[in-house]
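Take a look at the structure set out below.
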Amino acid sequence: MSASQARSRRRRAAFTLIEIMAVVLIIGLLGGIVGAAIFGQIDRARVTTAQTQIKQIEAALDFYRMDNGKYPTTDQGLEALIRPPSIDPIPKNYRPEGYLSGGRVPLDPWSNEYEYLAPGQNNPYSFDLWSHGADGKPGGSGTDADIGNWNQEGAS
């Protein structure tokens, strides 16, 4: 094989700069489409996680009420689920292990504390329990909307 035939064969086997740029552009577009879909799923998963955590905390609050006759006051807060309150009304039948496993009140999926009000404005005979959503502020829409036990099916 001559030297010119070898050079010709190498040129045909190599990619041009335009071909490489086209492939990089296609990969970038596909990555953008897939990334947008994944981030949308993450936002929905966080809302679902908040709803699930609210239901779990509600169950713990219901057990507290069954043992002690009433829900913790707003001042006692959700901390009453992990350690006996030191302010009145002092619960008489507090479980030694508390009402939430792990020894802590979970944070919402955006790393904010859940809000608690007893008696509630939306649930005047029990309590309101909510997260302010992704923005951490009252109100909002979409993933920024408040997620509360009054706007879920089966809420207290």
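Here are the numbers for this structure:
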quantity: Extension gain from residue 111 to residue 49, taking 0.36 nm per residue of separation minus the Cα-Cα distance; calculated: 21.1 nm
quantity: Protection proxy ranking of 87-98, 56-67, 102-113, 128-139 - average other beta-carbon atoms within 10 Å, highest first; calculated: 128-139, 56-67, 102-113, 87-98
quantity: Within the chain: Cβ-based charge dipole about Cα centre, in debye rounded to nearest 20 (Lys, Arg +1; Asp, Glu -1); calculated: 1500
quantity: The stretch 68-106 and the stretch 17-52: distance between their alpha carbon centers, rounded to Å; calculated: 43
quantity: Contact order relative to length of the chain, as percent, for alpha carbon pairs under 8 angstrom and 6 or more apart; calculated: 18
quantity: Anchor residue 137: aspartates and glutamates whose Cα lies under 18 Å away (excluding residues fewer than 8 positions away in-chain); calculated: 43, 108, 113, 115, 128, 146
quantity: Principal axes of the chain: Cα extent on each, largest first, Å; calculated: 99, 33, 23
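Every number here is computed from the coordinates shown, using simple stated rules; none is lab data. Computed from a predicted structure; not experimentally measured. Positions of Cβ are backbone-derived with ideal geometry, glycine not excepted, and every protein chain shown enters the neighbour counts.
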